[in-house]
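Below: the structure, in structure tokens.
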Amino acid sequence: MTKSRIRLLLSTGLGLGLVTLVGCGSGSGKVPVSGSVVVDGAPGALTAVTFWCDDPNAPSGGGGRVMTNDKGEFAIGEKDKDTGLPPGNYKVTFSRFVDATGKPVYGGGKKSEAKYEVPSKESIPEPYRDRSLTPVSAQISRSSNTFTFEVSTKDR
């Protein structure tokens, strides 16, 4: 093997090692993430949960969004399938629309779909919806990937 080929292999290996050290990256090594959302002490049905990578050195696109079921539960990815989210630190935001009675509904869609939607309004306070203001974060790793997020719509 020539010296230039050895240098190429070493630099490639070093480069790949550095890529895997950055959190929230894309590619392999993803872990399934699951949990639940509780809004004012009750299951956060039909709540959109968005994970925003909180690592400024991570490649763009690291993160994900999922909708909770009627029990407030969510799951991103499957075990042993290299799906889910890359390990790292995330800011977490929430959004949920409710009808006039306070019942969670699918809403906030495109104007072109408005005629198919129940009239609704956002029920989650802005600090929980804004990536830069949210007090909620998650550190995702292979050993820490199940979360319960509590959100309060009452004045804090």
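Condition (residue is closer than 23 Å to Glu150 by Cβ, surrounded by fewer than 15 Cβ atoms within 10 Å (Cβ to Cβ) and at pLDDT 80 or above) applied to the stretch 12-35: is it met by at least one residue? Checked the stretch 12-35: no residue is closer than 23 Å to Glu150 by Cβ, surrounded by fewer than 15 Cβ atoms within 10 Å (Cβ to Cβ) and at pLDDT 80 or above. Hey, does the stretch 58-75 have a residue that's crowded, with 20+ Cβ neighbours inside 10 Å, modelled with pLDDT under 90 and farther than 17 Å from Cys24 by Cα? The answer is no, given that none of the residues of the stretch 58-75 is crowded, with 20+ Cβ neighbours inside 10 Å, modelled with pLDDT under 90 and farther than 17 Å from Cys24 by Cα.
Take the conditions (1) at pLDDT below 90; (2) assigned to a loop (DSSP other than H, G, I, E, B); (3) not hydroxyl-bearing (Ser, Thr, Tyr); Leu133 misses just one of them, which is (1).
Tell me, which residue of the stretch 44-57 that is polar (S, T, N, Q) and either part of a strand (DSSP E or B) or at pLDDT below 95 (or both) is farthest from the chain's Cα centre (by Cα)?
Our first condition is that a residue be polar (S, T, N, Q); within the stretch 44-57, this holds for 47, 50, 57.
Retained after the next criterion (residues that are either part of a strand (DSSP E or B) or at pLDDT below 95 (or both)): 50, 57.
On the way: Thr50: 4, Asn57: 18 Å.
Checking each candidate, the answer is Asn57.
Scanning the stretch 83-91 finds one or more residues that are free of Cβ contacts under 8 Å to residues at least 60 places away in the same chain and surrounded by fewer than 15 Cβ atoms within 10 Å (Cβ to Cβ). Which residues, counting only those in the stretch 60-84, are under 26 Å from Ala42 (Cβ atoms) and either assigned to a strand (DSSP E or B) or basic (Lys, Arg) (or both)? Residues satisfying the conditions are Gly64, Arg65, Val66, Met67, Lys71, Glu73, Phe74, Ala75, Ile76. Remark: pairs (first residue in the stretch 135-152, among the acidic types (Asp, Glu); second residue surrounded by fewer than 19 Cβ atoms within 10 Å (Cβ to Cβ); Cβ separation under 7 Å; 6+ apart in sequence or on different chains) = Glu150/Val38.
A search for C-beta distances below 8 Å between a residue of the stretch 53-78 that is closer than 14 Å to Ser34 by Cβ and in contact (Cβ under 8 Å) with a residue 40 or more places away in the chain and any residue that is of a type in the set (Lys, Arg) and in a loop (DSSP other than H, G, I, E, B), counting only pairs 6+ apart in sequence or on different chains, returns Gly77/Lys30.
The values are calculated or read from the model by the stated rules, or taken from the named source; none is laboratory data. Please read all numbers here as calculations on a predicted model, not as lab measurements. All Cβ positions, even for glycine, are placed from backbone atoms using ideal geometry, and neighbour counts span all protein chains on display.
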